[in-house]
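Notes for the one structure printed next.
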Amino acid sequence: MNFYEFNVRVRYAETDQMGVVYHGNYAQYFEMGRVEWLRNLGVSYKSMEEAGIMLPVVSLTMNYKKPARYDDLLRVRTIFKKQDGVKIEFDYEIYNEANELLTTGYSMLVFVDMKTGRPVSPPDYVREKLNF
(Lines give C-alpha, C1' and ligand atoms only; values in the text may rest on other atoms or scores of the structure.)
Protein backbone atom coordinates (compact mmCIF):
# COMPACT_ATOMS: atom_id res chain seq x y z
CA MET A 1 0.00 0.00 0.00
CA ASN A 2 1.66 3.21 -1.08
CA PHE A 3 -0.80 5.64 0.55
CA TYR A 4 -3.07 5.97 3.56
CA GLU A 5 -5.87 8.44 4.24
CA PHE A 6 -7.60 9.50 7.42
CA ASN A 7 -9.92 12.30 8.47
CA VAL A 8 -9.31 14.84 11.20
CA ARG A 9 -11.55 17.66 12.35
CA VAL A 10 -9.83 20.98 12.99
CA ARG A 11 -10.02 21.86 16.67
CA TYR A 12 -10.34 25.45 17.87
CA ALA A 13 -6.94 25.26 19.60
CA GLU A 14 -5.29 24.51 16.22
CA THR A 15 -6.34 27.85 14.76
CA ASP A 16 -4.76 31.28 14.98
CA GLN A 17 -6.36 34.66 15.60
CA MET A 18 -7.55 34.75 11.98
CA GLY A 19 -9.51 31.51 12.45
CA VAL A 20 -7.31 29.43 10.17
CA VAL A 21 -5.14 26.45 11.05
CA TYR A 22 -1.81 27.70 12.38
CA HIS A 23 0.90 26.67 9.92
CA GLY A 24 2.89 24.65 12.48
CA ASN A 25 -0.03 22.28 13.03
CA TYR A 26 0.29 20.81 9.55
CA ALA A 27 3.47 19.04 10.68
CA GLN A 28 1.36 17.26 13.31
CA TYR A 29 -1.18 16.20 10.69
CA PHE A 30 1.68 14.82 8.59
CA GLU A 31 3.06 12.93 11.60
CA MET A 32 -0.36 11.45 12.32
CA GLY A 33 -0.48 10.28 8.71
CA ARG A 34 2.97 8.64 8.86
CA VAL A 35 2.20 6.87 12.13
CA GLU A 36 -1.10 5.53 10.81
CA TRP A 37 0.42 4.58 7.43
CA LEU A 38 3.04 2.47 9.23
CA ARG A 39 0.47 1.04 11.65
CA ASN A 40 -1.65 -0.01 8.66
CA LEU A 41 1.38 -1.95 7.40
CA GLY A 42 1.71 -3.67 10.76
CA VAL A 43 4.58 -1.53 12.07
CA SER A 44 4.25 0.75 15.09
CA TYR A 45 6.51 3.63 16.07
CA LYS A 46 6.22 2.44 19.65
CA SER A 47 7.53 -1.06 18.89
CA MET A 48 10.40 0.37 16.83
CA GLU A 49 11.37 2.67 19.69
CA GLU A 50 11.13 -0.21 22.16
CA ALA A 51 13.57 -2.05 19.85
CA GLY A 52 15.93 0.95 19.97
CA ILE A 53 15.14 2.54 16.59
CA MET A 54 13.76 6.06 16.13
CA LEU A 55 12.73 7.97 13.02
CA PRO A 56 13.57 11.68 13.32
CA VAL A 57 12.48 14.08 10.60
CA VAL A 58 15.51 15.53 8.79
CA SER A 59 13.64 17.46 6.09
CA LEU A 60 10.14 18.91 5.95
CA THR A 61 8.53 21.04 3.26
CA MET A 62 4.99 22.45 3.19
CA ASN A 63 3.11 24.37 0.52
CA TYR A 64 -0.09 26.14 1.49
CA LYS A 65 -2.71 26.48 -1.24
CA LYS A 66 -5.85 27.39 0.72
CA PRO A 67 -6.56 27.78 4.43
CA ALA A 68 -8.15 25.15 6.63
CA ARG A 69 -10.50 26.60 9.24
CA TYR A 70 -11.98 25.69 12.60
CA ASP A 71 -14.33 22.68 12.46
CA ASP A 72 -13.34 21.75 8.89
CA LEU A 73 -13.15 18.01 8.29
CA LEU A 74 -9.80 17.39 6.62
CA ARG A 75 -8.69 14.35 4.65
CA VAL A 76 -4.98 13.76 5.11
CA ARG A 77 -3.33 11.58 2.48
CA THR A 78 0.12 10.19 3.29
CA ILE A 79 1.97 8.83 0.26
CA PHE A 80 4.99 6.57 0.63
CA LYS A 81 7.55 7.90 -1.81
CA LYS A 82 10.59 5.66 -1.27
CA GLN A 83 12.89 4.00 1.20
CA ASP A 84 16.55 4.09 0.30
CA GLY A 85 19.26 2.95 2.70
CA VAL A 86 18.66 4.69 6.03
CA LYS A 87 16.12 7.19 4.63
CA ILE A 88 12.37 7.00 4.14
CA GLU A 89 10.39 9.68 2.26
CA PHE A 90 6.73 10.68 2.19
CA ASP A 91 4.53 13.12 0.30
CA TYR A 92 1.34 14.55 1.81
CA GLU A 93 -1.89 16.09 0.57
CA ILE A 94 -4.59 17.66 2.71
CA TYR A 95 -8.09 18.19 1.33
CA ASN A 96 -11.23 19.79 2.73
CA GLU A 97 -14.77 18.38 2.53
CA ALA A 98 -15.24 19.99 -0.91
CA ASN A 99 -12.20 17.96 -2.07
CA GLU A 100 -10.14 21.13 -2.54
CA LEU A 101 -6.41 20.64 -2.15
CA LEU A 102 -5.35 22.83 0.78
CA THR A 103 -1.79 21.83 1.56
CA THR A 104 0.96 19.63 0.16
CA GLY A 105 4.08 18.46 1.91
CA TYR A 106 7.16 16.28 1.83
CA SER A 107 9.28 14.77 4.58
CA MET A 108 12.42 12.72 4.83
CA LEU A 109 13.14 10.70 7.95
CA VAL A 110 16.18 8.66 8.93
CA PHE A 111 16.29 5.41 10.87
CA VAL A 112 18.55 6.05 13.88
CA ASP A 113 19.94 3.78 16.59
CA MET A 114 18.75 5.32 19.86
CA LYS A 115 21.87 4.24 21.78
CA THR A 116 24.47 5.54 19.35
CA GLY A 117 22.50 8.32 17.67
CA ARG A 118 23.84 7.04 14.33
CA PRO A 119 21.83 6.26 11.18
CA VAL A 120 21.09 2.57 10.66
CA SER A 121 19.33 0.43 8.09
CA PRO A 122 15.69 -0.20 8.89
CA PRO A 123 14.99 -3.42 10.78
CA ASP A 124 14.37 -6.43 8.54
CA TYR A 125 10.67 -6.64 9.51
CA VAL A 126 10.19 -3.00 8.45
CA ARG A 127 12.07 -3.46 5.18
CA GLU A 128 9.93 -6.52 4.38
CA LYS A 129 6.73 -4.50 4.94
CA LEU A 130 7.99 -1.71 2.67
CA ASN A 131 8.54 -4.09 -0.25
CA PHE A 132 4.89 -4.28 -1.29
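A few comments on the model shown:
- Cα-based Rg of the stretch 10-78 normalised by 2.2 N^0.38 Å, two decimals: 1.31
- Within the stretch 28-132, the GluC sites (Glu not before Pro) that combine a DSSP coil assignment with at most 14 other C-beta atoms in a 10 angstrom radius are E97, E100.
- Per residue, the chain exposes 57 Å² of solvent-accessible protein surface, assessed with a 1.4 angstrom probe and all protein chains in place.
- Whole-Hz couplings from phi, Karplus 6.51/-1.76/1.60, listed for the stretch 84-98; x for Gly and Pro: 9, x, 8, 9, 9, 10, 9, 10, 9, 9, 10, 10, 8, 5, 7
- Relative to the dominant Cα principal axis of the chain, helix 25-41 is inclined by about 50°.
- The apolar share of the surface of the stretch 89-132, taken as the fraction of accessible area on carbon and sulfur atoms (1.4 Å probe, ligands and nucleic acids excluded), comes to 46 percent.
- Kirkwood Rh and Cα Rg combined as Rg/Rh, the chain: 1.01
- Charge dipole (debye, nearest 20) of the chain; +1 at Cβ of Lys and Arg, -1 at Cβ of Asp and Glu: 160
The values are calculated or read from the model by the stated rules, or taken from the named source; none is laboratory data. Source: prediction; values computed, not measured. When we count neighbours, we look across all protein chains shown, and the Cβ atoms used for this are built from the backbone with ideal geometry, even at glycine. To get the accessible areas, we keep the full protein, side chains included, count just its heavy atoms, and leave off ligands, DNA and RNA. Shrake-Rupley method; radii C 1.70, N 1.55, O 1.52, S 1.80 Å.
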